[in-house]
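All of the numbers you see were taken from the coordinates with simple rules; none came from a lab. Here the structure is a predicted model, which means the values were calculated and not measured. Note that we place each Cβ from the backbone using ideal geometry, even for glycine, and neighbour counts take in every protein chain shown.
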Amino acid sequence: IQCDADVFIPPDQLMHAVRRVVNNQKAVVYPFTYCNPIPTSDVSGFLSQSITSTTRSGYPKSVGVPVGGCVVRNTEGFFASGMDNEHFIGWTSEDKERHERHERLGYEISRIEGPLFHLEHVAVRHLRDNHQFHQLGEFERMRLKTLSDDQFRKEITSWAWLHNSPQPSPSIINAEDLSITIPVRIDSPQRLANLVVCTQAL
């Protein structure tokens, strides 16, 4: 389960996604179909209750179908498709690149009906200076599209984090062996607070 630090997925949706990928190396599951923002002033109260797919039903939903926030794969599929492209920096199009990568590699992409709750935070002071990160990200996405399929796969296997990680066993993994990764940059007090409440909830 690869999850952002400022989102919360109802546990029933998350477990549905986990069951879908357990024995399918080619499965990629987004455990949500839309995003529902939680204002900073509501975060503590929101997470103090039991959260289900119907929590905050009727509130405004995101426009479009989000591809960032959380993605679920089994261990073999994770090592075969890669985590994140390290050429990307935050506030850019790394989520789109990951989605495009799965499509190109022929993964079975599906979704679990329900919300992804995004815990909002105050605007990061220097965010207005990060437009160049988006430009670099778009350049990287375009560069990857110019690679042949063989070059593309070699690119993934060259990523440094793969060489420092244990290779997966081909045997079925015990259901108790579950890892959740949360890449995070602490750039505001709210980001840290969101990380704490998310890990407590998990």
In sequence order, calculated HN-Hα J values of region 67-74 (Karplus, 6.51, -1.76, 1.60; Hz; x Gly/Pro): 10, x, x, 6, 9, 10, 9, 8
Largest-first principal axis extents, alpha carbons of region 1-78, Å: 40, 26, 21
Lysines with Cα under 20 Å of residue 145, excluding same-chain neighbours fewer than 8 positions away: 96, 154
5 angstrom amide H check on residue 112, placed H, neighbours 5+ away: 30, 32
GNM result for the chain, Cα springs below 10 Å: residue of 155, 138, 100 fluctuating most strongly: 155
Label-point gap, in nm, between residue 120 and residue 188 - each point 7 angstrom along Cα→Cβ: 1.0 nm
Residues in region 94-116 that a label on residue 33 would reach, taking backbone N under 14 Å of a point 7 Å out along Cα→Cβ: 110-116
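In the chain, what is the volume of the convex hull around the alpha carbon atoms, normalised per residue and reported in Å³? If you can, show how the numbers build up before the last one.
On the way: hull volume 26.8 nm³, N = 202.
Convex hull of Cα atoms, per residue: 133 Å³.
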Helix-derived mean residue ellipticity, 222 nm - over the chain, DSSP H n ≥ 4, -39500 (n - 2.57), to 500: -11000 deg cm²/dmol
Integer Hz, Karplus 6.51/-1.76/1.60 couplings in order for region 24-33, x for Gly and Pro: 10, 5, 8, 8, 10, 10, 8, x, 6, 10
